[in-house]
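The values are calculated or read from the model by the stated rules, or taken from the named source; none is laboratory data. Values in this document were obtained by computation on a predicted structure and should not be read as measured data. Note that each Cβ is placed from the backbone with ideal geometry, even for glycine, and that neighbours are counted across all protein chains shown.
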Amino acid sequence: MRSRTLRSDERTAQRNGHKERSLKTLVGDPVLQKSPPQQAAWHLFKNKLPINLCSFCLRMNFMRVESLNIFRFIAAIIIINFHFTHLYPGFLTSGPEMVTFFFVLSGAVLILAHYDDENFSSKNFFLRRITKLYPSYLVALAMVIAWYSTIPLDISIEKFLMNLLALQAWFPSHPLDLNFPAWAISVEVLFYLSFPIILYKLKKNSLNPYYIVLFAMVFWAITQIIIIYFLNSSFYIGEPSILHDILFNYPLSHFSSFSLGIAIGYLAEKCDFELPKTTAYSFFIFSTIIIYFICENQKAIDGFLGLNLPFESSFMAPFMGLFILANILNNKHISKYFSNKFFIILGASSYQLYIFQYPIFIVYNKYLSNKYLFFIIYILFSISSYFLLNSIRKKLTLDP
């Protein structure tokens, strides 16, 4: 731990020096790996680069947590298995818990990507979010509406506008209208709108990361106590009901997940953890086991405690946060296993895998019967749609 008496500029220099050393450990010192002529060329190239560009390249490489790519893909597959196929039982039907994983991951990744970005712009941030999420969101919505028009099923202007603007989760009894998995994107909109404010406060005040984690945990606990109270009260009559939608689909019910992700990312930014390889691996294994154990034994846990826990409503956020932190701490140890381009592509296409699941399932359910074939076709479709939409964004000169 650094001394609290270090001045701000000393802390910054110390962190940058540590990150440079960590990067050399992670990807190898580019000078040491080259022959003398190559070393000379490298020094010439490095010296010609602007300082801010060098630091930007260093930053982007260091904070890429490769192992999260494949886990994003696995989480999306579990959600699909929960919703439609049920090919695999137990843990692999923990779809709602995996949505919590994505909520926590959003907070952590946004902090890791933008905390040291001195040129951060709210306008550019919102533009990138929209261009990344909205095209696939609109195409999936259009596919569902096209299908409903053949039934026929009346779609009110109210439902259409709520889904078009990704506001459906804010209106109880409407979060699952039309393309029902898109309720989670409606929740994410709140996260994105709040992120620039949170980032500004964190950077301006340079708060103790452990206090931020504690605050996020207290906020999560308060949220869960409220949800547990109503879930076990006489007011709760199950699904469908307005109270059910508020407890399980309302954006504010899940904001604690995003807050914990922010806290985890901020902790990783501010503290230069140096765990021994064995300890880091043990932490990763422990976080995986505890998530698996809870997801597999939800009924037993409810029975033991004598009440119903909201496993599907951000209850798993702290455990998902531990898992994400374990991946960050293990980054330099396991990145070589997960930096495979195939894994990166699977992770990058996880959003398409999530948002298109219902419209593609509609087509599958009508024309196909083999669920394993559905998985294969759908994964290929998701990857193809990712590349197509990404190429369109590049042609529009927008950041991918």
For Val144, the lone unmet condition from (1) more than 24 Å from the chain's Cα centre (by Cα); (2) within 30 Å of Asn327 (Cβ to Cβ); (3) crowded, with 18+ Cβ neighbours inside 10 Å is (2)
Single residue of Glu269, Glu274, Glu239 found to be in a helix (DSSP H, G or I), at pLDDT below 95 and either under 20 Å from the mean Cα position of the chain (by Cα) or among the acidic types (Asp, Glu) (or both) | Glu269
With (1) touching a Lys or Arg at 6+ places or on another chain (Cβ under 9 Å); (2) at positive phi; (3) not acidic (Asp, Glu) as the list, and Tyr192 as the residue in question, which single condition is left unmet?
-> (2)
For Leu214, state whether it is at pLDDT 95 or above, assigned to a helix (DSSP H, G or I) and under 16 Å from Ser106 (Cα atoms).
-> no
Which helices (runs of 4 or more DSSP H) does region 328-400 wholly contain that include 1 or more residues that are loosely packed, with under 13 Cβ neighbours inside 10 Å and either touching a strand residue (DSSP E or B) at 6+ places or on another chain (Cβ under 9 Å) or not aromatic (Phe, Trp, Tyr) (or both)?
-> 331-338, 341-348, 357-367, 371-395
Filter region 302-326 down to residues that are on the phi < 0 side of the Ramachandran plot and polar (S, T, N, Q) and give me whichever is surrounded by the most Cβ atoms within 10 Å (Cβ to Cβ).
-> Ser313
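Within region 298-312, can one find any residue that is at pLDDT 90 or above, within 30 Å of Tyr148 (Cα to Cα) and assigned to a helix (DSSP H, G or I)? Explain how you work it out, then say what you get.
Here is the first cut: in region 298-312, the ones at pLDDT 90 or above are 298-312.
With the extra rule that they be within 30 Å of Tyr148 (Cα to Cα), the set shrinks to 312.
With assigned to a helix (DSSP H, G or I) added as a condition, the list becomes 312.
The answer is yes, given that some residue of region 298-312 is at pLDDT 90 or above, within 30 Å of Tyr148 (Cα to Cα) and assigned to a helix (DSSP H, G or I).
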Output the qualifying pairs, or none if there are none: Cβ atoms under 7 angstrom, residues six or more apart or on different chains, first residue in region 224-253 and on the phi > 0 side of the Ramachandran plot and surrounded by fewer than 16 Cβ atoms within 10 Å (Cβ to Cβ), second residue at pLDDT 95 or above and not aromatic (Phe, Trp, Tyr).
-> Gly238/His244
Scan of region 199-214 for residues that are among the aliphatic types (A, V, I, L, M), within 8 Å of Tyr266 (Cβ to Cβ) and touching a residue at least 60 places away in the same chain (Cβ under 8 Å), ordered by number = Leu202
